[in-house]
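S.K.: Okay, here's the structure, questions in a sec.
The values are calculated or read from the model by the stated rules, or taken from the named source; none is laboratory data. For clarity, every value in this text was computed on a predicted model and none was experimentally measured. Methodologically, a virtual Cβ is constructed for each residue, glycine included, from the backbone with ideal geometry; neighbour enumeration extends over all protein chains shown. Accessible surface areas use protein heavy atoms only, side chains included; no ligands, DNA or RNA. Shrake-Rupley method; radii C 1.70, N 1.55, O 1.52, S 1.80 Å.
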2 protein chains.
Amino acid sequence: MALIVHKYGGTSMGSTERIRNVAKRVAKWARAGHQMVVVPSAMSGETNRLLGLAKELAPAKTNDAYGRELDMLASTGEQASSALLAIALQAEGLQAVSYAGWQVPIKTDSAYTKARIESIDDQRVRADLAAGKVVIITGFQGIDGLGHITTLGRGGSDTSAVAVAAALKAAECLIYTDVDGVYTTDPRIVPEARRLHTVSFEEMLEMASMGSKVLQIRSVEFAGKYKVPLRVLSSFTPWDIDLNEEAKSGTLITFEEDEHMEQAVVSGIAFNRDEAKISILGVPDKPGIAYQILGAVADANVEVDVIIQNIAKDGKTDFSFTVNRNDYAKTIDLLKDKVIPTLGAAEVQGDTKICKVSIVGIGMRSHVGIASKMFRSLSEEGINIQMISTSEIKTSVVIDEKYMELAVRALHKAFDLDQAAA
Amino acid sequence: MALIVHKYGGTSMGSTERIRNVAKRVAKWARAGHQMVVVPSAMSGETNRLLGLAKELAPAKTNDAYGRELDMLASTGEQASSALLAIALQAEGLQAVSYAGWQVPIKTDSAYTKARIESIDDQRVRADLAAGKVVIITGFQGIDGLGHITTLGRGGSDTSAVAVAAALKAAECLIYTDVDGVYTTDPRIVPEARRLHTVSFEEMLEMASMGSKVLQIRSVEFAGKYKVPLRVLSSFTPWDIDLNEEAKSGTLITFEEDEHMEQAVVSGIAFNRDEAKISILGVPDKPGIAYQILGAVADANVEVDVIIQNIAKDGKTDFSFTVNRNDYAKTIDLLKDKVIPTLGAAEVQGDTKICKVSIVGIGMRSHVGIASKMFRSLSEEGINIQMISTSEIKTSVVIDEKYMELAVRALHKAFDLDQAAA
């Protein structure tokens, strides 16, 4: 008897048959006495279909210029799937009601196509739950201060679910998806990859930001901020499996340090080949150069990931960073046109054929020698490291893209991730 | 330089190419200095697609039980097409913004799937028009007092357009559709049918209610109530035809009695084969029987069209009426179960193979012998009349369905509708 939030991804909502299965699964939870809130994505393919139509009408610079209307458009996908799920639940004999983001309301800022949730009013939802209804809330969207519909960006339904769970102080937020949990690394690259029963919030954050596409990073941030117990599990188990078994399946993302998890120092290997490297050579070593370079990049709305500034030699230094490959050309142009001339730097170099590989583990905090073990392992495979970046629970290296799989497999083995935890 | 409302049907919005044409046409009007409000339908096929999904999930009694969620679902079609049109207009270089019904807001009652508009707030729209924007408002939908989305029933976008035109006191409401105007009858049945340059509001009302599917009847009622000049015209003319020529094309629905129209006594022949006839025989002739019968039918939400009560004989009378064929079985069951037992009537009879054919004309008010000319013409064709119903500007007969085309052709000829008006 608890308040539970379920989130179903687009694949899980991909056909009326699948929606019916979702309804049966939710009904099982509701009949077990839980108060149920469900956050569905749009039916798979629908968001792409809608945005594809927009692109036919306005090919260029779609996102920036047409943001408000794109959000009006794209938000319909979740509204439709939510209504369909409500109908399926009613057909199962339950009381159910669906709400679009603006009806809850889920208030956001006005950054169309990538808005951030500011607040969620829980009054309407609580009243429905108290009246015995299953409440369905559209993922991915909200309403801004001007009364315009906003969307949260791709994968935003995860964030919606976690935010709703936080607002309602839900006992748990279950993210049903097409994978059955969080793995030590991508099983398509390392067949020995193991599913983790638990993973810490910080580790999950590092993995999500590395492109492990299980969860949208902002949803993990939200979960961390509001301490929402979050579970990633498969929506492809039969809907009628035992509820207690289902409730323990998948991977639980935990927040309690002492709740002792698997003891591994390194929990997983994350990787990402969506980035490109940019270096500015011969930068005069003066205060403020990082701001001069990255301020201009940030103003162009480009997110920077790894940042490296080497020590100066002869009054000159080299400055490198990585950006998303989609922003590479734009960033190079920007640097050449606006930054280099005023900066007095010698040259801009770039490389799109790189990847980033990281070891992630909360245990790294209290263990020394983890990074050097990583470097040794890569060296044994003859892989040259181009950039290194470290945090308390992650060490990342940028290497040539062609070595990615090799590096991931070598590190997975070096840290014994194919062995079950003690 | 006027405030103009354009409404585009689903066929006109049926593809991105057609949406682009709509945008170019609207842009032509806007660039000529008009303040433009556009009400689009969903892209053709979209509403059916969405409701088809709902039907797969909840086959039985869809409309009654699932109304609120069906409206959440179906309303997304117009929201998407409206956003796409805004994007197309922006791509044409115009400022444009789209609003869902709830954003205007267009307030309705809570009769889901067939709501009625109660009020429209014009403030937001006027501010945008004043700022030089084209305003797009979703057809077919509104918001009720509880904050739920409602829809106005099939074809409701016409009503939305007229209601918006009324609220904004628009100079004219242009309904762009896949026919080029209102005809003396359906040209598929009578090739000699002529397009009317003008038609009176009352005639249009009778024709719309007879299933001439050019305009939704409620939109005509609305136009009549608020004296909105309404024009039906083709959306398949090239978008770049001369604006003045376009502004005079199609059929204008007029409200001024003295503004003299085509002089024909009968303006058109309407017909409808969506009805079924129900007769209750041997009803004891007491006060209140009409209410006893039709009250129960109305309570079941069944609309009744023609009603005939014959004079009593031996203390018994026969009572007949027509309902939509979709409601036929339900109505027969209702009468047998609930009405006949308490009424003490002898028998219920029904016939679904009927049609209704009407002559419509505002000139009938001041001309005698029109009805008898109709009856003579049908008699000459050997067509038996089952029921007759008359109003000031319409005479309808219920006949065997198989004679429908024959009757329409005979009447079209008898009233010289193939001849241009004097």
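S.K.: For chain A, set up a Gaussian network in which alpha carbons nearer than 10 Å are linked by springs, and say which option among A:GLU381, A:GLU69, A:GLU405 fluctuates the most.
M.R.: A:GLU381
S.K.: Copy-to-copy spacing for B:ASN384, label 7 Å out on the Cα-to-C-beta vector, in nm, shortest first?
M.R.: Its label point is 9.9 nm from the equivalent points in the other copies.
S.K.: Let me ask something else about it. Any chance you could check the Cα centroid distance between the range B:53-112 and the range A:69-86 for me, in angstrom?
M.R.: A separation of 10 Å, based on Cα centres.
S.K.: Round to the nearest 0.05 the FRET efficiency obtained for A:SER366 and A:ALA65 when R0 = 41 Å and r is the Cβ-Cβ distance. Display every interim value, and only then the final one.
M.R.: Working: r = 50 Å, r/R0 = 1.22.
Rounded to the nearest 0.05, the efficiency is 0.25.
S.K.: Also, I was wondering about something else. Name the longest site-free stretch of chain B, where the excluded sites are trypsin sites (Lys or Arg not before Pro) in a DSSP loop with no more than 15 other beta-carbon atoms within 10 Å.
M.R.: B:62-153
S.K.: Mind listing the label-point distances from B:LEU294 to the same position on all other copies, shortest first, one decimal in nm, points 7 Å along Cα→Cβ?
M.R.: 7.9
S.K.: While we're on this one: Cross-link candidates for B:LYS313: which aspartates and glutamates have Cα within less than 13 Å, leaving aside residues fewer than 8 places away along the same chain?
M.R.: Here the aspartates and glutamates satisfying the reach criterion relative to B:LYS313 are B:ASP285.
S.K.: For an R0 of 25 angstrom, estimate the FRET efficiency from the Cβ-Cβ distance between A:LYS225 and A:ALA111 and round to the nearest 0.05.
M.R.: 0.85
S.K.: If you don't mind, another one. Under 15 Å from the Cα of B:LYS55, which aspartates and glutamates turn up, not counting those fewer than eight places away in the same chain?
M.R.: Filter leaves A:GLU17, A:GLU92, B:GLU46, B:ASP64, B:GLU69, B:ASP71.
S.K.: Compute the distance in nm between two label points, each set 7 Å from the Cα along the Cα-to-Cβ direction, one at A:ASP416 and one at A:ALA290.
M.R.: That separation, rounded to one decimal, is 3.7 nm.
S.K.: How big a patch of accessible area, both sides summed and in Å² to the nearest 100, lies buried between A and B at a 1.4 Å probe?
M.R.: Counting protein atoms only, the buried area is about 3500 Å².
S.K.: Round to the nearest 10 and give me the degree value, 0 to 90, for the angle of helix B:404-414's Cα axis relative to the longest principal axis of chain B.
M.R.: 80
S.K.: Which of the residue pairs B:LYS356/B:LYS402; A:LYS330/A:LYS353; A:LYS286/A:LYS330; B:LYS107/B:LYS225; A:LYS356/A:LYS402; A:LYS107/A:LYS225 have a Cα-Cα distance greater than 20 Å in the structure shown?
M.R.: As for pairs spanning more than 20 Å Cα to Cα, those are A:LYS286/A:LYS330.
S.K.: Follow-up question, since we're still on this one. Where only protein heavy atoms count, and the probe is 1.4 Å, what is the accessible area per residue for the protein assembly as shown in Å²?
M.R.: 42
S.K.: How far apart, in nm, are two points set 7 Å out from the Cα along the Cα-to-Cβ line at B:ASP314 and at B:SER119?
M.R.: Those two pseudo-labels are separated by 5.9 nm.
S.K.: Helix A:16-31 against the longest principal axis of chain A: what's the angle in degrees, Cα atoms only, rounded to the nearest 10?
M.R.: 70
S.K.: Between B:ALA329 and A:ALA32, how many nm apart are label points set 7 Å from Cα along the C-beta direction?
M.R.: Spacing of the two 7 Å Cα→Cβ label points: 4.0 nm.
S.K.: Another question, then. Computing the accessible area with a 1.4 Å probe over protein heavy atoms, can you report the carbon and sulfur percentage for chain B?
M.R.: Here it works out to 49 percent.
S.K.: May I ask you to report, in nm to one decimal and beginning with the shortest, the distances from B:GLY145 to the same position in the other copies, taking label points 7 Å along Cα-to-Cβ?
M.R.: Shortest to longest, the spacings are 3.3 nm.
S.K.: At a cut-off of 30 Å², which residues of the range B:79-107 become less accessible once all protein chains are present than in their chain alone, using a 1.4 Å probe?
M.R.: Listed in order, they are B:GLN79, B:ALA80, B:ALA83, B:LEU84, B:ILE87, B:GLN90, B:ALA91, B:SER98, B:TRP102, B:GLN103.
S.K.: Would you tell me the mean number of C-beta atoms belonging to other protein chains that fall within 10 Å of each C-beta in A:44-50, as a whole number?
M.R.: Mean shielding by partner chains, rounded to a whole number: 1.
S.K.: What FRET efficiency do you get for A:ALA127 and B:GLN95 if R0 is 41 Å and r is their Cβ-Cβ distance, rounded to the nearest 0.05?
M.R.: Efficiency computed from Cβ-Cβ geometry: 0.55.
S.K.: Then there's this: Cα axis of helix B:46-57 to longest principal axis of chain B: angle in degrees, 0 to 90, nearest 10?
M.R.: Compared with the principal axis, the helix lies near 60 degrees.
S.K.: Pull up all non-local amide H partners of B:ILE137: gap of 5 or more, or a different chain, and H-to-H distance under 5 Å with H placed in the peptide plane.
M.R.: Those lying under 5 Å, H to H, from B:ILE137 are B:VAL38, B:VAL39, B:TYR99.
S.K.: Determine which chain B residue has its Cβ at minimum distance from the rotation axis mapping B onto A, giving the value in whole Å.
M.R.: B:THR76, 2
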